[in-house]
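Below you'll find the structure, written out as C-alpha cells, and then a few comments.
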Amino acid sequence: MIKLSLILGLLMACTPMVHADETPGAPASAVAAPSAAPTPAPTAPFMLAADKLSSGDTAWMLTSTALVLMMCVPGLALFYGGMVRKKNVLATLMQSFACTCVVTILWWVIGYSWAFTPGSAFLGGASRALFDGLRYVHGDGGSSLSVSHLAPTIPESVYAMFQMTFAIITPALIAGAFADRMKFSAMLLFLSAWSLLVYAPIAHMVWEPTGWLNAAGVLDYAGGTVVHINAGIAGLASCIVLGKRLGYGREAMPPHNLTYTLIGASLLWVGWFGFNAGSAVAADGRAGMAMLATQMATGAAALGWMFTEWLGKGKPSVLGIASGAVAGLVAITPASGYVAPTGAVIIGAAAGVVCYFAATTLKHAFRYDDSLDAFGVHGIGGILGALLTGVFFSKELTGVDSSIGHQLFTQLKGVLTTVVYGFAVSYVLLIVIDKTLGLRVTEEQEREGLDISLHGESIE
Amino acid sequence: MKLVCAVIKPFKLDEVRKAINDIGVHGMTVTEVRGFGRQRGHTEIYRGAEYVVEFVPKSKIEIAVTDALVDQVVEAIQKSAHTGKVGDGKIFVFALTHVVRVRTGERDAGAI
C-alpha cells in the first residue's frame, strides 16, 4: 500500500510537467491518456460514457488484435511447422493452436486480472476474474462501459482482448525449444501453469503502473522482456530439462517444408505491426513511428543474418533470411515506440548477426538442443533488444531524460528479473510435471513421430 | 521381348519420352527414385547444422519392347538422357517372359 501511494504521488507529480505519454516508466499504453484531463490519471479500470471514447483508436485496436492473433495461428504454427521433420508437423501445428485455445480460457479465468489490474508490485488483483466488471451498458440516456486505466480511449473489452493475444503467443513461442519430444498432456499443463505463474506476473511487473519494474522505469514498449525474453528463457529451461532429441547431432533432421516456414515468418512480420504499432493503444503518431521502426529493423536484421551466413557458410539460405527477419522483429519489440528509424536499423542489424551466432555457434558450444531456436532467437534477440533500447531510446519520443548508462542499468534490471524468475519457475514446473505426469514421450513414440503416436494422424 | 529399365536425371525425362515416342514406342512407366553412383551427394545447411544428402533424386523408367526394337530404344534413351556429366544414369535390359494386357487378355507381343 505504501508503494502504491508512492507511485500515485509520483504519477501526479509528473502530470503537470509532461504529457501523460512521456511519463518516465509509463507503459506504452498510457499514450492515449487525454492530455487535457484536469484530474489525475486513473489508476484502476473505471466506467466511462461511451461517447468519450476515440473511435479511431478503437478501430485500430480491433484491427491490431486480429493481427496479433494471426501471428500465432497460423503465423507461428506454420513458421515452426515447416521447420520440423515430416513425422512431427501436425503435432507442432497443434501446439500453437491448442495453446491459443487454452490461454483464451485462462485469460478469462484470472490471467487478465493478475496482469492488468492494480495490485502488489509483483501481481495484480483478482477484481477482473472471469472478466467480472468488464461491462458495456446500453442505456436510454447514452451508453457507458468500462475502460482500462492503461487504455482510457478504447473499451476495456478491446484492451483485454488485445492483451489476450499477447498472452497467447508467448507460451506458444516456447514450443520451439521442446518441439519433437514433449508429451501433449505435459505441454498443456506446462503452458497453462506458465501462463498464470510466469507470464501474468512479469506482464504486471513491467506494464501495470503498480508493477515494480514499471515504477523502476524499465522501457519495454511492446514486450521484448515480457514476451520474448520470457518465452526464450522458458524455452532454454525446457530443452535442458527434456534433454536432446533422439539422434540429435548424429541423424539428419532437415526441415520438412521451408515454404511453410517462409509463409509463417511473413505472417509474423505483418502481424507484428499489430503487436508493435498496436502497443501505442492509439491510432497516433507514436503508432506510426513504431510501425516504421519495426519495418526498418526487420529488413536490417534479415540482411544481417543473410550476409553473415553467406560469408560463413557460402550460401544465403531461405531459412536464414526468414530467421533473421524474426530476430529483428523480436529485438525491435521493446524499442519500437522509443527509437528513431536509424536506431531501429542498428538494433535490427545487430540482432541479425548476434542471433545467427546464437542459433548456430552458441547452441552447439553449450550442447543444448533448442530444436527450433526459441532461446537463440527470442531469448537472445529479446535481451539484445531490451539492452539496446537503453542505448538508442530517443528523448524526443520517450520524454525520458536519463543518461544512457543509467537507462542501460535500468534495462538490465528488467532483463535479469525476467531471466532469473522465468528460468527458475519454468524449471521447477517442468521438474514437477516430469516427476508426476511425465514430460517426454517414449523412445518408440519419438521414433515413430508425434503425429501418429500422439494424435493418430499423419500427412501424406 | 525385353524390359528396358533406365535410371536418368529427372529433368531429362521429357526428352527421353519424346525420343522413344518418335521410334514408335507408346508406353512407359516412371518412378521417382533416389540412389547413389559415381555422382556424389550434396550438403544442406540449416542454421549451421550440416547434413550430407547421400542419395540423389533420379527418375526410373521402365519400357517393355519387342526384341526388334531393343537396340533402337536403348540408343534413343542413351542419346536423349545424355549430358556428358557424372550422374547421367544407367540403362539395364532384362529378358521378359510374359506380358498380358489387362483390358483384353492379349498376350506377349500383341500386348506390348
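Over all other residues within a Cβ to Cβ distance under 10 Å of residue A:320, the charged ones net out to +2, with Lys and Arg as +1 and Asp and Glu as -1. Please enumerate, by chain and number, the aspartates and glutamates with C-alpha under 12 Å from the C-alpha of residue A:87, excluding those fewer than 8 residues away in the same chain. Straight-distance partners of residue A:87: A:180, A:446, A:448, A:451, A:457, A:460. Straight-line cross-link reach from residue A:395 at under 21 Å between alpha-carbon atoms covers these lysines, not counting any fewer than eight positions away in the same chain: A:413.
Within the shell defined by Cβ-Cβ distances under 12 Å, the residues around residue A:434 carry a net charge of +3, with Lys and Arg each +1 and Asp and Glu each -1.
With the simple spin-label model, which puts each label point 7 Å out from Cα in the Cβ direction, the residue B:86 to residue A:447 separation comes to 3.5 nm. The C-alpha atoms of chain B define a longest principal axis, and helix B:70-80 lies at about 30 degrees to it. Sorting A:140, A:369, A:434 by the number of Cβ atoms found within 10 Å of their own Cβ, with the fewest placed first, yields A:140, A:434, A:369. Taking 0.36 nm per residue of separation and subtracting the current Cα-Cα distance, fully stretching the chain between residue B:99 and residue B:44 would add 15.4 nm.
Report summary: the helix-based calculation at 222 nm, which adds -39500 (n - 2.57) for every DSSP H run with n ≥ 4 and divides by the residues of the protein assembly as shown, gives -15500 deg cm²/dmol. Of the peptides B:86-96, A:111-121, the ranking by mean beta-carbon count within 10 Å, highest at the top, reads A:111-121, B:86-96.
Separation of the stretch B:95-109 and the stretch B:23-93, taken as the distance between their Cα centroids, equals 26 angstrom. Remark: for residue pairs A:86/A:244; B:60/B:90; A:86/B:12; A:315/B:9; B:58/B:85; A:313/B:12, the C-alpha separation exceeds 20 Å in A:86/B:12; A:315/B:9; A:313/B:12. In sequence order, the stretch A:390-398 has phi-based couplings of x, 9, 9, 4, 9, 4, 4, 7, 9 Hz under the Karplus curve 6.51 cos²θ - 1.76 cosθ + 1.60, θ = phi - 60°, and Gly or Pro positions carry x. Which residue, A:292, A:359, A:337, has the largest displacement toward the positive end of the dipole of the stretch A:290-443 when charges sit on each Cβ (Lys, Arg +1; Asp, Glu -1)? Looking along the dipole axis, the top candidate is A:359. Neighbour counting of Cβ atoms within 10 Å sorts the residues B:55, A:392, fewest neighbours leading, into B:55, A:392.
The relative contact order of chain A comes to 23 percent, based on Cα pairs under 8 Å that sit 6 or more residues apart. Give me the distance in nm between label points sitting 7 Å out from Cα along the Cα-to-Cβ direction at residue A:104 and residue B:67, one decimal. According to this spin-label approximation, the distance is 7.3 nm. Going from the fewest other Cβ atoms within 10 Å to the most, the residues A:455, A:204 appear in the order A:455, A:204. What angle, in degrees between 0 and 90 and rounded to the nearest 10, separates the Cα long axis of helix A:2-14 from the longest principal axis of the Cα atoms of chain A? For helix A:2-14, the angle is close to 70 degrees. Shape index of chain B: Rg/Rh, with Rg the Cα radius of gyration and Rh the Kirkwood radius from the inverse mean 1/r over Cα pairs, equals 1.09.
The share of alpha-carbon pairs in the stretch A:2-455 lying farther apart than 30 Å comes to 39%. The translational diffusion coefficient of the stretch A:90-238, from Stokes-Einstein at 10 °C and 1.306 mPa s with a Kirkwood hydrodynamic radius over alpha carbon pairs, comes to 100 µm²/s.
For the pair the stretch A:174-250 / the stretch A:288-366, the C-alpha centres are spaced 21 Å from each other.
Any read-out appearing in this document is the output of simple, stated calculations on the displayed coordinates, not a laboratory observation. Note that the structure is a prediction, hence the values are computed from the model and not measured. Neighbour counts run over all protein chains shown; Cβ positions are idealised from the backbone, glycine included.
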